[in-house]
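Engineer: My questions will all concern the structure given below.
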Amino acid sequence: MGRQTATSGINPAGSSRVTRLDPLSLPLSFHAHDTRADGGVRRIELHRERVVLHRAVQGMRMAINVRVQDFLGVALRSVDDDAQVLVLVHRDPALNIPLCESADREEIVSAWLTWSDIFALPQLMEDDHYEPAARRRRHNAIRARRPKFLVRRRLGNLTNTETIHRDEREIIARD
C-alpha cells in the first residue's frame, strides 16, 4: 500500500520530483500548480466519480466539484523533447489536472491506458484541439415568476362561461 504525500499523491520512485499518481489507490489528494490561486498552488481531491479542486483567489477560498464524466478525456502531451505528461482534460483549461509526468515512454503509455480505463474516458493526443466551453448565458430565475400582486389576485372561473348573445342590438345608456 503506497503512502500518500501532500505533494504528489504517492512517494515518487527514486529521487525524482515529477508527478506520478497511482490510479489504483483512489481517492487521492495532492497539490498542483495554479497561476491564478493564492500562493500559486491548489489542492486536488481525485475520486473515481468526481474531482474537487480547492483553491483561494484573493483571499476567497473555494471548492469546485466536477464530475469525472464532464472531462473530455485523458491526454498525452509533450513537455520537453524527452518528458511527457498525462493530463485529465476539461473544456475549461483552468480545470485541467496533471496525472503523471515521465520520460519513460512505456511507463507513460501504460499509465495512460490505466487512467483511461479507470475513469472510462477516451484517450486523447496532444494535437487534438479542444475548443473552450462557450460562455454560459445567465438566466434570471426570478424573471419568469409572477409578481406578488398577481399571485394575490383571484383568477376568473374558466369553466363557468357566461351566456353570449350574438346578433342582438346593444342597449347603451346615454345622458
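Engineer: Restricting attention to the stretch 30-56, which residues are under 14 Å from Leu99 (Cα atoms) and in a loop (DSSP other than H, G, I, E, B)?
Structural biologist: Answer for the stretch 30-56, where residues must be under 14 Å from Leu99 (Cα atoms) and in a loop (DSSP other than H, G, I, E, B): His47, Arg48.
Engineer: Among all residue pairs at least 6 apart or on different chains, which show Cβ distances below 9 Å where the first residue, located in the stretch 21-44, is at negative phi and the second is of a type in the set (Phe, Trp, Tyr)?
Structural biologist: As it stands, the answer is Leu21/Phe30; Leu21/Trp115; Pro23/Trp115; Pro23/Phe119; Arg43/Phe30; Ile44/Phe30, since those pairs meet every condition given.
Engineer: Failed condition for His54, given (1) modelled with pLDDT of 90 or more; (2) over 14 Å from the mean Cα position of the chain (by Cα), with all others met?
Structural biologist: Of (1) modelled with pLDDT of 90 or more; (2) over 14 Å from the mean Cα position of the chain (by Cα), only one is false for His54: (2).
Engineer: Here are Arg17, Arg61, Arg43: which of them is at pLDDT below 85, among the charged types (D, E, K, R) and open to solvent by 30 Å² or more (accessible area, probe 1.4 Å)?
Structural biologist: Just one listed residue meets the conditions, Arg17.
Engineer: Something else now. Looking at (1) at pLDDT below 90; (2) surrounded by fewer than 14 Cβ atoms within 10 Å (Cβ to Cβ), which is the only condition Ile108 fails?
Structural biologist: (2)
Engineer: For the condition more than 22 Å from Pro27 (Cβ to Cβ) and among the acidic types (Asp, Glu), what is the one hit in Asp70, Asp104?
Structural biologist: So the residue among Asp70, Asp104 that is more than 22 Å from Pro27 (Cβ to Cβ) and among the acidic types (Asp, Glu) is Asp104.
Engineer: Just checking, how many residues over the stretch 80-110 are under 25 Å from Glu49 (Cβ atoms) and either in a strand (DSSP E or B) or in contact with a Leu (Cβ under 6 Å, 6 or more places away or on another chain) (or both)?
Structural biologist: 10
Engineer: Given (1) modelled with pLDDT of 85 or more; (2) hydrophobic (A, V, I, L, M, F, W, C); (3) farther than 22 Å from Phe30 by Cβ, identify the lone condition not met by Val151.
Structural biologist: For Val151, the failing item is (1).
Engineer: Any idea which of (1) modelled with pLDDT under 85; (2) in contact with a helix residue (DSSP H, G or I) (Cβ under 6 Å, 6 or more places away or on another chain) is the one Arg36 doesn't satisfy?
Structural biologist: (2)
Engineer: Against the condition assigned to a loop (DSSP other than H, G, I, E, B) and in contact (Cβ under 8 Å) with a residue 40 or more places away in the chain, how does Arg77 come out, does it pass?
Structural biologist: In short, no.
The values are calculated or read from the model by the stated rules, or taken from the named source; none is laboratory data. Predicted model, so just to flag it, every value in this text is computed and none were measured. Cβ coordinates were reconstructed from backbone atoms using ideal geometry, including for glycine residues, and neighbour counts include every protein chain displayed. Heavy atoms of the whole protein, side chains included, go into the accessibility calculation; ligands, DNA and RNA do not. Shrake-Rupley method; radii C 1.70, N 1.55, O 1.52, S 1.80 Å.
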